[in-house]
Structures are given as structure tokens and as C-alpha cells.
1. In nm², what is the average projected area of the convex hull enclosing the Cα atoms of the stretch B:45-84?
2. Counting only other residues whose beta carbon sits under 14 Å from that of residue A:28, what net charge do I get with K and R as +1, D and E as -1?
3. Just add up the charged neighbours of residue B:14: K/R +1, D/E -1, any other residue whose Cβ is under 13 Å from the Cβ of residue B:14.
4. What does the charge count near residue B:84 come to, summing +1 for each Lys or Arg and -1 for each Asp or Glu among other residues with Cβ under 14 Å from its Cβ?
5. Just checking the output field for A:87-96: average partner chain Cβ neighbours within 10 Å of each residue's Cβ?
6. In this model, which of A:101/B:44; B:19/B:40; A:42/B:22; A:37/B:52 are farther than 20 Å apart at the alpha-carbon?
7. Calculate, in whole percent, how much of the Cα-Cα pair population of the protein assembly as shown lies beyond 26 Å.
8. Please list the equivalent ellipsoid semi-axes of the stretch B:41-112, computed as the square roots of five times the alpha-carbon gyration tensor eigenvalues, in descending order and whole angstrom.
Amino acid sequence: GENVEQHPSTLSVQEGDSAVIKCTYSDSASNYFPWYKQELGKRPQLIIDIRSNVGEKKDQRIAVTLNKTAKHFSLHITETQPEDSAVYFCAASRTSSNTGKLIFGQGTTLQVKP
Amino acid sequence: DTAVSQTPKYLVTQMGNDKSIKCEQNLGHDTMYWYKQDSKKFLKIMFSYNNKELIINETVPNRFSPKSPDKAHLNLHINSLELGDSAVYFCASSQGVNVEQYFGPGTRLTVT
């Protein structure tokens, strides 16, 4: 069935370092890949998304790369800051289903140490 | 304020009770969702409505019944609550599908 595997489950970096979170999906028909950030006690919020017609997308310190052949995608955060500390979720869906059903990864708890 | 809102924010109840969670969005979106986030933070879709029509109905016990009286509201009624129902329930909305979903603040349900 549909599955999204996310690694690592926890990640601790020093302020200013880069952080990389990786996800692998099982449904080869998936073509929409959003990333959500959830701060402690708060709601998930979209930070970046990518569709299968592009291989990379960047927004300031955040970038996402997609490898459709290998069925994996990654989130890259550069120059990390303490406010980047949160749980990050990757997700995948197939637009052909026309339901918007997102399959989420297990989440990565990122801690940025000042 | 334009947003997705949920009530109540916290709900503590005993096993066997019936409870409801309400969700409202004033973003003008046509699609609404219910998610369950368990103690390990795993987020799982439960239901989705598009223009009041049920379009996602995951493998959820039939004690859970969603209801969408109009495009701006999606409620979740839970019968015969069990300990395993304890979780944070998030409502979300989007304009169309496979676009950004806007989440509500969540309802933390604790069943004792």
C-alpha cells in the first residue's frame, strides 16, 4: 500500500550548520510532495512543496530535491537557526486520485543548538 | 481573522462517552479534512469532504462519523469513546486538492 518513510527520526545540529531530512515513497504515481513544519504544541504549516515536473525548488534557506526514479525526496535547511527547531513532516500524494489524500512520513524532530 | 478554527481545544472525557469536535474555516475553501495525530506525532488522514461530499473515508472505526453541514464546517462525532482514541485531532482545509492544506489549532482529546 501507500507508504512514506522518513529519516532520521531525530536530528541535532549546531546553529549555522545545514540539516537534511530524507523521505522515500512507495506509490510511483505520487506527484505532489509537500513539507510541513510543526512547532511544539502548534499546528502543522506548509513550508515548501514540489511537484514531479521539477527536480529542485528553493525558498531562501530551504530547498527540496526530488528523484522520481529512486522515489525519494529531501529537505535541505541551510544556516540553521534556533527557530528552525520543530518536527518536520514530508508527505506524498497523487493528483490523479483527485482527493488530496496526503500520506505523511513519521516526522523528524530537528533540534538546533545555539 | 481568516483561519481554520476548532472547538474545543481540550476535551477530557471518560470511556464510553460520546463527544463532538467542531471545525470552521473562513478561507472560502471547498475541501476540508480530519487528521489524527497520535502520541508518536504520526499524522494520519481520517476523512475529507469536498463541497460537502465525502471523498476520503479511511479505515476508521464506524464510531467516528464526520458531518459537513456546509462548505465552511466539518464536524466529527465520536461514539463510545475508547482509551485508544486519545490523540490530537486536526481539522484542515484547502482550495482544491493537492495544494497547501491549512490546519486548525487541534483538539487534544484525552479519554480516561
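1. 3.0 nm²
2. Taking every other residue near residue A:28 into account, the sum is +1.
3. Taking every other residue near residue B:14 into account, the sum is -2.
4. Value of the local net charge: +1.
5. Mean shielding by partner chains, rounded to a whole number: 2.
6. Check vs 20 Å cut-off fails for B:19/B:40; A:37/B:52.
7. Tail fraction, whole percent: 38.
8. 22, 14, 11
Every number here is computed from the coordinates shown, using simple stated rules; none is lab data. Being a predicted model, the structure only gives us computed values, none of them experimental. Because the Cβ atoms are built from the backbone with ideal geometry, glycine has one as well, and the counts that use them run over all protein chains shown.
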